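One structure below.
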């Protein structure tokens, strides 16, 4: 369960949800993590990101837009760490997992790469 708490009412709701979850898992307990909230990328950022990748694919003659996106992810995409059989593995985040700030950085890097390659992109 993940909750965003910004108001006293939401805090009260979160406390009840934690209490209910604890009752359901009393034998094992719960792990509760509190961290700052980073709003996810906006739909307009997501649309811009995919439009730029498509435009870069067209301009560079790259046939597979999804494959180009995977290549870009390997080059400079924000990452996350997941547990795999007691090992920490670092993988690129999905676009849905990007924060607004992270998505802005990715968009700027795509624009920079395109300009560096001599492909000024129209999507702006």
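The values are calculated or read from the model by the stated rules, or taken from the named source; none is laboratory data. Nothing here was measured: the structure is a model prediction, and the numbers come from that model. Cβ coordinates were reconstructed from backbone atoms using ideal geometry, including for glycine residues, and neighbour counts include every protein chain displayed.
Test residue 35 against the criterion of being surrounded by fewer than 10 Cβ atoms within 10 Å (Cβ to Cβ) and modelled with pLDDT under 95, and give yes or no.
Yes, satisfied.
Looking only at helices (runs of 4 or more DSSP H) that fall completely inside region 2-102, which ones have 2 or more residues that are within 22 Å of residue 121 (Cβ to Cβ), touching a strand residue (DSSP E or B) at 6+ places or on another chain (Cβ under 9 Å) and assigned by TED's automatic domain parsing to the domain that holds residue 116?
Fully inside region 2-102 and qualifying: 65-76.
Out of region 103-124, which residues are free of Cβ contacts under 8 Å to residues at least 60 places away in the same chain and either under 16 Å from the mean Cα position of the chain (by Cα) or outside the structural domain of residue 53 (by TED's automatic domain parsing) (or both)?
Matches in region 103-124: 104, 105, 106, 108, 109.
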